[in-house]
Amino acid sequence: MSALSGKHIILGICGGIAAYKSVSLLRLLVKAGAEVQVVITPAGKQFITPVTLSSLSQKPVVSEFFTANTGEWHSHVDLGLWADCMVIAPATASTIGKMAHGIADNMLVTTYLSAKSQVFVAPAMDLDMMAHPSTIANINLLRSYGNIIIEPESGELASGLVGKGRMEEPEKIAAVLEAYFSKKADLKGRKVLITAGPTHEKIDPVRFIGNYSSGKMGYALAEECASRGAEVTLVSGPVSLSISHPAVRVVKVESAKEMLAACEEAFADSDIAVMCAAVADYAPKEVADRKIKREHSEVPVIELVKNPDIAATLGRSKRQGQRLVGFALETDHELDNAREKLSRKNLDMIVLNSMRDKGAGFGTDTNKVSIIKADGSREDFGLKPKREVAADIVDTILTL
Ligand code: CTP
């Protein structure tokens, strides 16, 4: 039986050529046993008729705030509560902008703002609109609200141009929803500690020693664990990411020392700890309390001291049953270095990424990892989005 069977789904349709594909999506969802309520924008009706949609969904299509001739009020609040998820496909640049900024001038955006469940957004637009900074910023805002963006494909567009902007195929969108509902709650009741991002080690009030870590892998792991039922403490160095899952508590830190203190506090109570942060190995011995000036000083020499090794510290205090996972980002002798860290830090498993692999490591949205367990076994994974890598990591932790 499909995981979609019996699920209440709001299908939001905007005014774009890709609206014709929404009909196939609707059919697929209904065939899988879902109950689908279509909400269409006024512009959407220019592309696809409510008659087609209501006969397929077996429900009147909602578009206006009330029915003109009877005055019957359509409650977006009730719809929001009814839904197990909402999927907006196609989502146009205009509707994405309205969703991002709360401009509730139609039934679709009002329903979106009332929706309590997971929202999926499948953008469709011309490549230049897709690449406009305003669209990119609005999509990032939706992400920061916890919405899942089903990325458009690259290909031939209605305009005749070729590029990114084609709505993902209905089969793939249905598969994303199916995967969402079949997601296991296999971390329910578990407490997970995750470190993410770089650390900044102060030199003076305006300078620090840092690294290029973006925090994306650690944040993806936190989302993944939370969506699988865990209670997550995310100890994060300075990054420009945010997370909105209610089961993730974010503790913001700056230096390795602060990160260690936050981790020691959370670890005692944790079942699993994943050390994803790129911790600076050294910190300046002295922090100047004023900005170091150029003119009247010699070339400054900054003496460094070793930072605490957070993973190794937790490894020493690990209780039976606790699982400790580390990362290794290497440029050479990858496997040997990773194995050495696994044993030196008393880890149960280490996730290795090589700087030599294109699309892996700092700042990218993808990663390519090998996972080595303390029993010596190893599994190599292909290049994937970081969220999928996070799922592979969690699946592997659960085999420990
Ligand atoms: N780590 C940590 N505290 C540190 C340094 C590293 O917790 N001070 C953790 C990282 O989060 C990662 C693992 O240890 O999970 C390996 O980090 P890495 O920087 O690759 O290892 P180092 O021990 O710093 O070794 P090197 O820099 O020499 O490669």
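Taking chymotrypsin sites (Phe, Trp or Tyr not before Pro) across segment 168-235, the ones in a DSSP loop with at most 10 further Cβ atoms lying within 10 angstrom of their Cβ are Tyr212.
When Rg is the radius of gyration of the Cα atoms in segment 186-397 and Rh is its Kirkwood radius, what does Rg/Rh come to?
Values: Rg = 17.5 Å, Rh = 17.7 Å.
Taking Rh as the inverse mean 1/r over Cα pairs, Rg/Rh reads 0.99.
In order along segment 32-44, the phi-based Karplus estimate (6.51 cos²θ - 1.76 cosθ + 1.60, θ = phi - 60°) of 3J(HN,Hα) comes to 7, x, 7, 9, 10, 10, 8, 10, 10, 7, x, 5, x Hz; Gly and Pro are listed as x.
Distances between placed amide hydrogens fall under 5 Å for Ile203 paired with Phe208, Ile209, all partners being 5 or more residues away or on another chain. Close Lys pairs in segment 8-184, defined as Cα atoms under 22 Å apart and 8 or more places apart or on different chains, number 18.
When only Cα pairs below 8 angstrom with a gap of at least 6 residues are kept, segment 186-397 shows a relative contact order of 20 percent.
Percent antiparallel among DSSP beta bridges with both residues in the chain, to the nearest 5?
On the way: 20 of 64 bridges.
Looking only at bridges with both residues in the chain, the antiparallel portion is about 30 percent.
Given a Förster distance of 30 angstrom, what is the FRET efficiency for Thr399 paired with Asp357, based on the Cβ-Cβ distance and rounded to 0.05? For R0 = 30 Å, the calculated efficiency reads 0.80. Evaluating 6.51 cos²θ - 1.76 cosθ + 1.60 at θ = phi - 60° for every residue in segment 389-400, the Karplus couplings come out as 4, 4, 5, 4, 5, 5, 4, 6, 4, 5, 8, 6 Hz, glycine and proline recorded as x.
The value for the chain of Rg(Cα) / (2.2 N^0.38 Å) is 1.14.
Available extension along the chain between Ser159 and Arg207 is 12.4 nm, counting 0.36 nm per residue and deducting the alpha carbon span. Counting Cα-Cα pairs of segment 8-155 in 5 Å increments starting at 0 gives whole-percent bin shares of 2, 10, 21, 25, 22, 13, 6, 2, 0. By the Kirkwood approach, averaging reciprocal distances over each pair of separate Cα atoms, segment 145-253 gets a hydrodynamic radius of 16.6 Å. If the chain linking Glu379 and Thr67 were pulled fully straight, counting 0.36 nm for each residue of separation and taking away their Cα-Cα distance, it would gain 106.5 nm. Of the three principal axes defined by the Cα atoms of segment 17-89, the extents in descending order read 32, 28, 19 Å.
Loop-located trypsin sites (Lys or Arg not before Pro) in segment 179-219 (DSSP state not H, G, I, E or B) with no more than 10 neighbouring Cβ atoms inside 10 Å: Lys188.
Selection among Gln37, Ile13, Asn69 by position relative to the dipole of segment 8-184 gives Gln37 as farthest towards the positive end (Cβ unit charges, Cα centre). Centroid-to-centroid, using Cα positions, segment 180-257 and segment 25-101 are 35 Å apart. Charge tally for Lys384 (other residues, Cβ to Cβ under 11 Å; Lys, Arg +1; Asp, Glu -1): 0.
Here, each number is a calculation from the coordinates, and none is a lab measurement. From a predicted model like this one, the values you see are computed outputs, not experimental measurements. Note that each Cβ is placed from the backbone with ideal geometry, even for glycine, and that neighbours are counted across all protein chains shown.
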